[in-house]
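Notes to accompany the following structure.
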Amino acid sequence: MATAEYGHHFPAVVQQDNLFGVQFHPEKSQKAGQRLVLNFLDLK
């Protein structure tokens, strides 16, 4: 679903059906991370 770049591109967000995985710690990103987690919870 998303990639990031840190010397090279790599998967940052993956999805299969209703399961999502992220390659970072959104809870450590203060307000933006909180919004991201809330957005994930709103997905149906």
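Tabulated values for the structure
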read-out	value
2 or more residues at pLDDT below 90 and surrounded by 12 or more Cβ atoms within 10 Å (Cβ to Cβ): qualifying strands (runs of 3 or more DSSP E) within the chain	9-16, 19-22
Residue list for the chain, filter: in contact with an Asp or Glu (Cβ under 8 Å, 6 or more places away or on another chain) and hydrophobic (A, V, I, L, M, F, W, C)	VAL37
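The values are calculated or read from the model by the stated rules, or taken from the named source; none is laboratory data. The structure presented is a predicted model; accordingly, all values stated were derived computationally and were not measured. Glycine gets a Cβ as well: all are built from the backbone with ideal geometry, and neighbour counts include every protein chain shown.
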